[in-house]
1. Take the residues in region 83-109 that are in contact with a helix residue (DSSP H, G or I) (Cβ under 7 Å, 6 or more places away or on another chain) and assigned to a loop (DSSP other than H, G, I, E, B), then tell me which one is surrounded by the fewest Cβ atoms within 10 Å (Cβ to Cβ).
2. Being modelled with pLDDT under 95, crowded, with 16+ Cβ neighbours inside 10 Å and not assigned by TED's automatic domain parsing to the domain that holds residue 123: is that true of residue 34 here?
3. Looking at this structure, is residue 181 over 22 Å from residue 26 (Cβ atoms), surrounded by fewer than 19 Cβ atoms within 10 Å (Cβ to Cβ) and not assigned by TED's automatic domain parsing to the domain that holds residue 64?
4. Determine which single condition residue 140 fails, assuming it passes every other condition in (1) within 26 Å of residue 262 (Cα to Cα); (2) surrounded by 15 or more Cβ atoms within 10 Å (Cβ to Cβ).
5. Mind checking which residues of region 37-60 are on the phi > 0 side of the Ramachandran plot and either part of a loop (DSSP other than H, G, I, E, B) or in the same structural domain as residue 157 (by TED's automatic domain parsing) (or both)?
6. Does region 61-73 contain any residue that is assigned to a strand (DSSP E or B) and free of Cβ contacts under 8 Å to residues at least 40 places away in the same chain?
């Protein structure tokens with residue numbers, strides 16, 4: 001893991017290059033580190049974002065390291081004092097950045113295999129980094145299957161990217177909403193309803209799952225029903241992450257610090273942690 005800030009604790013002041021409103025509560029921010037420095041992150045990692053006087057929060061990187069050499073994207077949901085302030089910022093504003101931190105997706109676990117991406121709600125943001133990575137290195141992977149669910153159509157993220165995925169012959173894309181509106185023509189139901197119809201090569205399929213905590217149990221059950229081995233299931237978890245460097249202990253689960261050992265865990269490890277709680 002390569003850090004681009006001066007040290008673990010002092011943020012670098014980065015520029016917001018562009019801001020895109022995605023939904024009523026989510027915006028995408030394109031960030032440039034000082035001196036045109038590359039972040040050199042791995043898919044699934046996060047950075048700490050700060051504004052002096054308002055605080056700091058861990059935010060997953062939603063762009064692939066294959067996309068740009070000197071900028072990266074963060075998708076931030078407006079949920080409180082700090083994120084409310086961030087949502088008021090525009091191109092040219094500055095934010096503090098520490099990182100990248102954490103254990104992201106290991107590309108070697110996915111190479112030469114069918115990949116099943118399962119994203120619930122804002123979980124598509126951190127998972128998008130790995131999705132873009134696999135598409136940009138398409139020859140290294142076999143099937144790419146994306147399953148995405150939101151509560152309602154107005155909460156769908158990255159509509160322009162989704163349209164491109166749907167138009168590709170080498171990507172299989174399935175989407176559902178929990179509650180439809182009058183204009184919705186697609187599938188209605190929770191995200192796990194999209195899994196049983198999938199025809200999967202159980203020994204050669206690797207799943208990457210990101211979403212709200214309530215989703216993981218039922219998604220794991222659906223994948224186990226498809227006979228996917230535990231070792232082929234990877235989950236990105238969040239658990240009260242704060243400092244990002246394993247010092248504050250807020251994210252600790254038994255003997256594991258999510259900010260360092262995670263946020264990406266193999267399902268075998270997730271079950272060990274669950275048993276230890």
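1. That would be 105.
2. Against the criterion (modelled with pLDDT under 95, crowded, with 16+ Cβ neighbours inside 10 Å and not assigned by TED's automatic domain parsing to the domain that holds residue 123), residue 34 does not qualify.
3. Against the criterion (over 22 Å from residue 26 (Cβ atoms), surrounded by fewer than 19 Cβ atoms within 10 Å (Cβ to Cβ) and not assigned by TED's automatic domain parsing to the domain that holds residue 64), residue 181 does not qualify.
4. So residue 140 meets the others, but not (2).
5. Residues satisfying the conditions are 40, 44, 53.
6. The answer is no, given that none of the residues of region 61-73 is assigned to a strand (DSSP E or B) and free of Cβ contacts under 8 Å to residues at least 40 places away in the same chain.
The values are calculated or read from the model by the stated rules, or taken from the named source; none is laboratory data. Predicted model, so just to flag it, every value in this text is computed and none were measured. For neighbour counting, all protein chains shown are included, and Cβ atoms are generated from backbone atoms with ideal geometry for every residue, glycine included.
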